[in-house]
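Trainee: My questions all concern the structure below.
The values are calculated or read from the model by the stated rules, or taken from the named source; none is laboratory data. Note that the structure is predicted; figures quoted are calculated from it, not measured. Every residue, glycine among them, receives a Cβ derived from its backbone with ideal geometry; neighbour counts consider all protein chains shown.
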Amino acid sequence: MKELLLPGTSVELRFEVKGRAPETFTPHLDTVIIDAYDEEPGEPVAVELVWRASVRAPRRAKDANIIVTEREKRS
């Protein structure tokens, strides 16, 4: 059995909407997808990490600016 270590990072979202104060979120890791279907010996397995956050959307998408920053996880 192989051991899988997840990266020691998280993400931070800054949500800027015209006419509103900017909001900053640190979403929680929600889903880990491991794709080992085409795994070959010695090759890395594909892993996808999904973080989730919820914000009130603007009326027009062009009025929003979303900035995603990778952060080092604090111990």
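Trainee: Give the residues of the range 5-23 that are over 18 Å from the mean Cα position of the chain (by Cα) and surrounded by 10 or more Cβ atoms within 10 Å (Cβ to Cβ), sorted by residue number.
Mentor: Let us first name the residues in the range 5-23 that are over 18 Å from the mean Cα position of the chain (by Cα), namely 17-22.
Scanning the range 5-23 gives VAL17, LYS18, ARG20, PRO22.
Trainee: Among the numbered conditions (1) in contact (Cβ under 8 Å) with a residue 60 or more places away in the chain; (2) surrounded by 10 or more Cβ atoms within 10 Å (Cβ to Cβ), tell me where ILE66 comes up short.
Mentor: (1)
Trainee: For residues in the range 24-55 being among the charged types (D, E, K, R) and either within 18 Å of the chain's Cα centre (by Cα) or surrounded by 10 or more Cβ atoms within 10 Å (Cβ to Cβ) (or both), which is modelled with the lowest pLDDT? Outline the logic, then answer.
Mentor: Of the range 24-55, the ones among the charged types (D, E, K, R) are 30, 35, 38-40, 43, 48, 52.
Pick out the ones that are also either within 18 Å of the chain's Cα centre (by Cα) or surrounded by 10 or more Cβ atoms within 10 Å (Cβ to Cβ) (or both) and you get 30, 35, 39, 48, 52.
Numbers: ASP30: 91, ASP35: 83, GLU39: 67, GLU48: 89, ARG52: 91.
Among those residues, the one meeting the criterion is GLU39.
Trainee: Filter the range 49-71 for residues that are in contact with a Ser or Thr (Cβ under 8 Å, 6 or more places away or on another chain) and farther than 14 Å from THR26 by Cα and give the result.
Mentor: Listed by number, the list holds a single entry, LEU49.
Trainee: Here are the criteria: (1) in contact with a Pro (Cβ under 9 Å, 6 or more places away or on another chain); (2) in contact (Cβ under 8 Å) with a residue 60 or more places away in the chain. Tell me which single one GLU72 does not satisfy.
Mentor: Going through the list (1) in contact with a Pro (Cβ under 9 Å, 6 or more places away or on another chain); (2) in contact (Cβ under 8 Å) with a residue 60 or more places away in the chain, GLU72 breaks only (1).
Trainee: Can you tell me which residue among GLU48, GLU40 is part of a strand (DSSP E or B) and not aliphatic (A, V, I, L, M)? Break it down into steps so the answer makes sense when it comes.
Mentor: Working: GLU40 fails: part of a strand (DSSP E or B).
Sole residue among the options that is part of a strand (DSSP E or B) and not aliphatic (A, V, I, L, M): GLU48.
Trainee: Look through GLY19, GLY8, GLY42 and report the one residue that is touching a Lys or Arg at 6+ places or on another chain (Cβ under 8 Å) and among the small types (Gly, Ala, Ser). I'd like the intermediate steps shown before the answer.
Mentor: Working: GLY19 fails: touching a Lys or Arg at 6+ places or on another chain (Cβ under 8 Å); GLY42 fails: touching a Lys or Arg at 6+ places or on another chain (Cβ under 8 Å).
Only one candidate passes the filter, namely GLY8.
Trainee: Mind counting the residues in the range 1-37 that are in a strand (DSSP E or B) and either touching a residue at least 40 places away in the same chain (Cβ under 8 Å) or of a type in the set (Asp, Glu) (or both)? First the steps, then the outcome.
Mentor: Restricting attention to the range 1-37, the residues satisfying the condition of being in a strand (DSSP E or B) are 9-17, 23-25, 28-35.
Then drop every residue that is not either touching a residue at least 40 places away in the same chain (Cβ under 8 Å) or of a type in the set (Asp, Glu) (or both), which leaves 9-17, 23, 30, 35.
The qualifying residues number 12.
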